[in-house]
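Encoded as structure tokens, the structure appears first; notes follow it.
The values are calculated or read from the model by the stated rules, or taken from the named source; none is laboratory data. Note that the structure is predicted; figures quoted are calculated from it, not measured. Ideal geometry is used to build each Cβ from the backbone, glycine not excepted, and the neighbour counts take in all protein chains shown. In case anyone asks, the SASA skips ligands and DNA or RNA and just uses the protein heavy atoms, side chains included. Shrake-Rupley method; radii C 1.70, N 1.55, O 1.52, S 1.80 Å.
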Amino acid sequence: MSMNMANHLGSGISPQQFMDGMQKNQETFKAGYEQFNWENEEDKEFFESLNFRDDLRVLILAADWCGDVARNIPVVFRAMETAGIETEVLIMEENLDVMDQFLTMGARSIPVVIISDTGGHVLGTWGPRPAHVQKFMIEFKQNNPDREATDYQGNLAVTRQSIIQAYGEGYEFHAAIIKELRELMSGF
């Protein structure tokens with residue numbers, strides 16, 4: 001990726017400021033944060049090994065109204081805490097210039113986890129959902145290209161139900177996020 005976020009490093013809020021300032025979904029967010037635990041010792045060791053790297057930074061495009069943020073970002077916060085990687089949150093509505101550089105299938109979808117070096121060069125991104133959940137939205141977008149179609153909203157509602165079911169009842173999806181972040185971060 002040739003994007004650069006140097007002018008945004010240092011402009012976000014801390015994970016704690018984000019959690020404390022949440023007006024919506026705070027209970028869900030904090031439950032996911034508090035319930036997080038390492039399912040796999042090798043994953044934990046991988047993120048611990050990143051403590052020796054001082055060349056990585058993380059920016060997260062997020063908003064408290066988003067259910068995917070409430071489910072997924074507590075896991076990202078925990079992983080980055082374990083890794084000792086400086087992490088900041090950019091509120092989407094206040095950073096549309098950044099958001100518009102990281103569209104998902106042409107749309108503003110959050111969260112977006114942006115991993116860069118200390119110079120702001122983007123090394124990789126993750127989001128808005130784990131792959132096993134996101135596949136339902138990908139399929140929906142492929143099968144429903146016309147937002148004005150009479151069945152668009154109904155099909156979207158069905159897709160959202162599939163997404164909720166794919167997340168599951170508990171926190172099993174946390175392991176999928178950790179796996180995907182580890183695979184991404186193993187590349188740099």
Relative contact order (percent, whole number), the chain, Cα cutoff 8 Å, 6+ residue spacing: 27
DSSP-defined antiparallel bridges as percent of all bridges, the chain, nearest 5: 70
Average accessible surface area per residue within the range 29-188, 1.4 Å rolling probe, Å²: 49
Candidate aspartates and glutamates - alpha carbon under 20 Å from Lys141, same-chain residues fewer than 8 apart omitted: Asp68, Asp100, Asp151
Choice from Tyr167, Tyr152, Tyr33 showing the highest fluctuation, given a GNM over the chain with Cα pairs closer than 10 Å: Tyr152
Accessible area of Met137 in the full protein assembly, 1.4 Å probe (Å², nearest 10): 20
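Just need the Rg to Rh number for the range 51-188, please, alpha carbons only, Kirkwood Rh. Walk me through the intermediate numbers first.
Numbers: Rg = 15.7 Å, Rh = 15.9 Å.
So for the range 51-188, dividing Rg by the Kirkwood Rh gives 0.99.
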Phe140 accessible area, 1.4 Å probe, all protein chains in place, Å² to nearest 10: 10
Distance between modelled label sites at Lys24 and Asp151, nm, 7 Å Cα→Cβ extension: 2.9
Carbon plus sulfur fraction of accessible area for the chain, probe 1.4 Å, in percent: 46
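What is the extension gain from Glu34 to Met3, computed as 0.36 nm multiplied by their sequence separation minus the C-alpha to C-alpha distance, in nm to one decimal?
On the way: separation 31, 0.36 × 31 = 11.16 nm, distance 3.37 nm.
Stretched out fully, the Glu34 to Met3 stretch lengthens by 7.8 nm.
Taking 2.2 N^0.38 Å as the expected size of a compact globular protein, what ratio does the Cα radius of gyration of the range 1-77 give against it, to two decimals?
Details: Rg = 14.3 Å, N = 77, 2.2 N^0.38 = 11.5 Å.
Here the answer is 1.25, to two decimals.
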All lysines inside 29 Å of Lys44 as judged from Cα atoms, apart from same-chain residues fewer than 8 positions distant: Lys30, Lys135, Lys179
